[in-house]
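What follows draws every value from the coordinates through simple rules; no lab data is involved. Computed from a prediction, not measured in an experiment: that's the story for all the values here. We place every Cβ from the backbone using ideal geometry, glycine too, and count neighbours over all the protein chains shown.
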Amino acid sequence: MSASLNWEKKDSVLYFQGTLDRETLLPAWQQRKALLADINIIDISALGHIDSTGLALFVHLKAEMEEQNRQFIIQGVSERFQTLITLYDLDEIMNIA
């Protein structure tokens, strides 16, 4: 069974579910502009796995939001993903709730 990434927008929250890695990233990357429209919070609590590719996506999304003078919060960060953020020394720039 192959891994998959799903998402759903509710109000100002974008919910990711599944696996966010180099194998599943492309559809979200291609739709990132539409995904970010009217979003203030990205909830990743239902992601079972995120690799460094997923982290790179969030860094890029943050930069795109800042270009629009918008901020967003990432909520539902697992301990493993927080470790990845720390290993890449991104604690200061990622807005984690």
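Annotations
- Karplus-derived 3J(HN,Hα) values for segment 47-56, using 6.51 cos²θ - 1.76 cosθ + 1.60 with θ = phi - 60°, are 7, x, 7, 9, 9, 5, 5, x, 4, 4 Hz; glycine and proline are entered as x.
- Candidates D43, D51, D11, ranked by Gaussian network fluctuation over the chain, Cα under 10 Å, top entry: D11
- Looking at segment 52-94, the GluC sites (Glu not before Pro) that sit in a DSSP loop and have at most 12 other Cβ atoms within 10 Å of their own Cβ are E92.
- Shown here is the pair-distance distribution of segment 1-77: with all Cα-Cα distances grouped in 10 Å bins from zero up to the longest one, the shares run 19, 59, 20, 1, 0 percent.
- Positive dipole terminus of segment 23-97, leading residue within G48, G76, A28 (C-beta point charges): A28
- The tail of the calculated P(r) for segment 1-46 beyond 12 Å holds 60 percent of all Cα-Cα pairs.
- Relative contact order (%) - the chain, alpha-carbon pairs under 8 angstrom, separation at least six: 26
- Globularity ratio of segment 32-97, using Cα Rg and 2.2 N^0.38 Å: 1.05
- Fully extended contour minus Cα-Cα distance, from A46 to A3, at 0.36 nm per residue: 14.1 nm
- Net charge dipole, the chain: roughly 260 debye, given to the nearest 20, about the Cα centre with Cβ charges of +1 for Lys and Arg and -1 for Asp and Glu.
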